[in-house]
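**Student:** Pasting in a structure now, in structure tokens, and then I'll have a few things to ask.
The values are calculated or read from the model by the stated rules, or taken from the named source; none is laboratory data. If you're wondering where the values come from, they're calculated on a predicted model, not measured in any experiment. Heads up, the Cβs are rebuilt from the backbone with ideal geometry, glycines too, and the neighbour counts pull from every protein chain shown.
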Amino acid sequence: MVTIRQYHARGDFINTLLQVVAFDDAVCLIAFSAASAFVNVNVGANISASEIIMPIVYNIGALAIGIASGAILSKLMTPKRSEDNRLILTISLLLGIAGLCAVVNISPLLSCMMFGTTYINMTKDKELYRQVERFTPPILSIFFVVSGMNLDIRSFNTLGVIGISYFVIRIAGKYLGAYLGCIIAKTTKEIKNYLGLALIPQAGVAIGLAFLGRRILAGTMGDMLLTIILSSSVLYELIGPVCAKIALLRSGSIKMDNTAPEEGKDEQKTEKASERRAF
């Protein structure tokens, strides 16, 4: 997302990429709930059938809460609302959703996704997205600082092979899965060849679920999951933005004049303006 915004990328490739990322996150959240319940049963934890079914029920309830919250926000966002008021209402509903999900130990991410999906489809209000986006940088910074504080370097001795395997297999799975999906969907050559490359960066959803996994998985499995995800995320964030930029360039989503640094662009504009005045 940062790379797309930085270079003002546009086009069919970007539209497909954003849809795939959103769907990928939703499937990931549902699969995580099922997998964590399955793992707890197989390691011999004292879990009844109701404890397996209830997380599914809670996730369905969280979806309903997200949809209801999005509908409520769409009614509250009248044209007379100030920017500050709009931001306060949005953050309040988001915190409320997160708090309710935390009470029952489920991830708030899926509910929040439905919150945003419901609101934008009911209002087409893109201005709110830009307002919330300006609010997020310090939150993201805190998020990654806390993540780094939980990374145990000493555990690499025992989890190194698992982490490397996960790192390689995830990249292969992302690319092959996206490639096969594009063949089935009969997309353009550019989307088929470069969609998987643009999906390599990993951060928010995976790290958020890793923290949740540490709380709900039995024994040391939660700590193992967190360490593997955090350590691999460091590597993904080193190569991910580069891969994403290559994918955006090769797919034709970035115009070459958009790859110049902003300061360089400003200087070029100033020089052109001076030339026009001199002429």
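**Student:** Residue 67 fails exactly one of the following numbered conditions: (1) over 30 Å from residue 231 (Cβ atoms); (2) modelled with pLDDT under 80; (3) surrounded by 12 or more Cβ atoms within 10 Å (Cβ to Cβ). What is the number of that condition?
**Tutor:** (2)
**Student:** How about segment 206-225: which of its residues are of a type outside the set (Phe, Trp, Tyr) and under 14 Å from residue 144 (Cβ atoms)?
**Tutor:** 206, 207, 208, 210
**Student:** Follow-up question, since we're still on this one. Could you pull out the residue among 229, 183, 200, 207 that is of a type outside the set (Ser, Thr, Tyr), in a helix (DSSP H, G or I) and modelled with pLDDT of 85 or more?
**Tutor:** Just one listed residue meets the conditions, 183.
**Student:** To continue, here is another question. Of the residues in segment 112-136, how many are buried (at least 17 other Cβ atoms within 10 Å of the Cβ) and basic (Lys, Arg)?
**Tutor:** Number satisfying all stated conditions: 0.
**Student:** So, residue 73, is that one modelled with pLDDT of 80 or more and either closer than 28 Å to residue 103 by Cβ or of a type in the set (Asp, Glu) (or both) or not?
**Tutor:** Against the criterion (modelled with pLDDT of 80 or more and either closer than 28 Å to residue 103 by Cβ or of a type in the set (Asp, Glu) (or both)), residue 73 qualifies.
**Student:** Given the conditions (1) surrounded by 11 or more Cβ atoms within 10 Å (Cβ to Cβ); (2) free of Cβ contacts under 8 Å to residues at least 60 places away in the same chain, report the number of the one that residue 142 does not fulfil.
**Tutor:** (1)
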